[in-house]
Amino acid sequence: MRRWAAAFLAVAGACGGVDAGTEQPVGELEQDSYTRDVHPILEARCATLDCHGVDDRPLRLYSETGLRARDDLRDQPIERDELVANLRAIAAIEPGAIPIDSLFIRKPLAGGVFHEGGDLWARLDEPQVACVLAWLEGTSDEPAAAEACALAADEVALPPPTP
Amino acid sequence: MRAAARLAVSLLLVAGCIGTTPEEELADQQGGDRYEDGPIHRPGQRCLACHGEDYTPGGQVFVVAGTVYRRADDADGLAGAEVEVTDDRGEVFSVQSNQTGNFMMSVGEVDADRRGQGWIGLARAPAFPLRVVVRYAGMEQSMRNVIHREGACAACHDRAGKGAASNGKVFVEEAP
């Protein structure tokens, strides 16, 4: 009976979507530098509707041009709740991991862990990954991080929406 | 008897997960088609559902394919729109939409009887990510973000309109 019940739950779980939930703590990830520095990188490189902007994909990410939390948010600026949901998704990948060894860094980095979306960054010293790593390490305010994030911002800037 | 009932319930659950083909799924979601098979059929639907690398009952594999509309709320596609795709190598591919607004790009030469029907053959597969611009009669729309890997425009541009997971139809003219 237990085995049948386990199989039932496994099948039912496979059919259902993933709910990131809204009650989990964000942990130590800093929100302001995420919004300012990191989210634009993720929006351009990760969060499109054909990658992590998918509701039931691991590391589901909301963004202005990608997945929205509600239908009526399409064409609207990103909302705080969506950014917080992104933080929760990131924090849930590998709680307690050392940033430089974390899947969040190693999957998109060449030579790291297999990533369905391919290699986004060739080296750790590239501005985008340096900026993301500094945020994970809580050093976004240091000059080197600020410089990396400024360079990354130029690289990933999206054109403004049509008026 | 109870074991048989459990088996039946389990099979029904599994069938619910994997029991539909892409064609059935599209038909359920978006209805049938009023056009005959070929480059003009199923406008607005997810072309690579049946013309993708993994599943090709349509016989042709497209790398990028979709439907252009003049305005986002138009019911019918727009003929003669230019779709320009720039890949990660900087190569530019351009094709004009056909009479139902469809366009498609495949690798290799297009059969002679299909040329000029919104279909272009590429010498090699484009390198993702892709940037896309659509033009018609002096109007132009550019995708703000890139396509990372999905070649079927309708996967992210549902003809049912805008929503949480859809940017709405591909269009060239803003509504007045």
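The values are calculated or read from the model by the stated rules, or taken from the named source; none is laboratory data. As the structure is a computational prediction, the values presented were derived from the model and not from experiment. Cβ: placed from backbone, ideal geometry, glycine included. Neighbour counts: every protein chain shown. Side chains are part of the model used for accessible areas, which takes the heavy atoms of the whole protein and leaves out ligands, DNA and RNA. Shrake-Rupley method; radii C 1.70, N 1.55, O 1.52, S 1.80 Å.
Could you check the stretch B:48-86 and list, in sequence order, the residues that are open to solvent by less than 10 Å² (accessible area, probe 1.4 Å) and assigned to a loop (DSSP other than H, G, I, E, B)? Passing the criteria: B:GLY52, B:ALA81. Among the residues of the stretch B:138-145, at least one is without any contact (Cβ under 8 Å) to a residue 12 or more places away in the chain and either more than 28 Å from A:GLU64 (Cα to Cα) or in a strand (DSSP E or B) (or both).
Taking the stretch A:110-123 as the range and being exposed (fewer than 15 other Cβ atoms within 10 Å of the Cβ), out of contact with any Lys or Arg (no Cβ under 8 Å at 6 or more places or on another chain) and of a type outside the set (Gly, Ala, Ser) as the test, the residues that pass are A:GLU116, A:ASP119, A:ARG123.
Here the condition is being under 17 Å from B:ASP158 (Cα atoms), more than 15 Å from the chain's Cα centre (by Cα) and of a type outside the set (S, T, N, Q); of B:ALA137, B:ALA112, B:ALA81, B:ALA72, it holds for B:ALA72 alone.
Answer yes or no: is there a residue in the stretch A:52-71 that is within 11 Å of another protein chain (Cβ to nearest Cβ) and part of a helix (DSSP H, G or I). Scanning the stretch A:52-71, I find at least one residue that is within 11 Å of another protein chain (Cβ to nearest Cβ) and part of a helix (DSSP H, G or I), so the answer is yes.
Restricting the stretch B:158-176 to residues that are assigned to a loop (DSSP other than H, G, I, E, B) and either open to solvent by 40 Å² or more (accessible area, probe 1.4 Å) or within 7 Å of another protein chain (Cβ to nearest Cβ) (or both) leaves a set whose member that is nearest to A:ASP71 (Cα to Cα) is B:ALA164. The condition of being β-branched (Val, Ile, Thr), more than 8 Å from every other protein chain (Cβ to nearest Cβ), in a loop (DSSP other than H, G, I, E, B) and surrounded by 15 or more Cβ atoms within 10 Å (Cβ to Cβ) holds for only one of A:ILE90, A:ILE41, A:ILE105, A:ILE78, that being A:ILE78.
Criterion applied to A:ASP141, A:ASP55 was being farther than 28 Å from B:ASP88 by Cβ and open to solvent by 40 Å² or more (accessible area, probe 1.4 Å), and the one residue passing it is A:ASP141.
Being modelled with pLDDT of 90 or more and either open to solvent by 20 Å² or more (accessible area, probe 1.4 Å) or under 8 Å from the mean Cα position of the chain (by Cα) (or both) is the filter here, so list the residues in the stretch B:32-42 that pass it. B:ILE40, B:HIS41, B:ARG42 - these are the residues of the stretch B:32-42 that are modelled with pLDDT of 90 or more and either open to solvent by 20 Å² or more (accessible area, probe 1.4 Å) or under 8 Å from the mean Cα position of the chain (by Cα) (or both). The residues in the stretch B:131-147 that are surrounded by 22 or more Cβ atoms within 10 Å (Cβ to Cβ) and either farther than 18 Å from B:TYR69 by Cα or facing another protein chain (nearest Cβ under 8 Å) (or both) can be counted, and the count is 2. Being within 11 Å of another protein chain (Cβ to nearest Cβ), at positive phi and in contact (Cβ under 8 Å) with a residue 24 or more places away in the chain is the requirement here; does B:GLY151 meet it? No: the conditions fail for B:GLY151. Taking the stretch B:118-130 as the range and being more than 18 Å from B:GLY101 (Cβ to Cβ), outside any strand (DSSP E or B) and either hydroxyl-bearing (Ser, Thr, Tyr) or away from every other protein chain (no Cβ under 11 Å) (or both) as the test, the residues that pass are B:ALA123, B:ARG124, B:ALA125, B:PRO126. Scanning the stretch A:91-131 for residues that are out of contact with any helix residue (DSSP H, G or I) (no Cβ under 6 Å at 6 or more places or on another chain) and either in contact (Cβ under 8 Å) with a residue 40 or more places away in the chain or among the acidic types (Asp, Glu) (or both) yields A:ALA91, A:ALA92, A:PRO95, A:ASP101, A:PRO108, A:GLU116, A:GLY117, A:ASP119, A:ASP125, A:GLU126.
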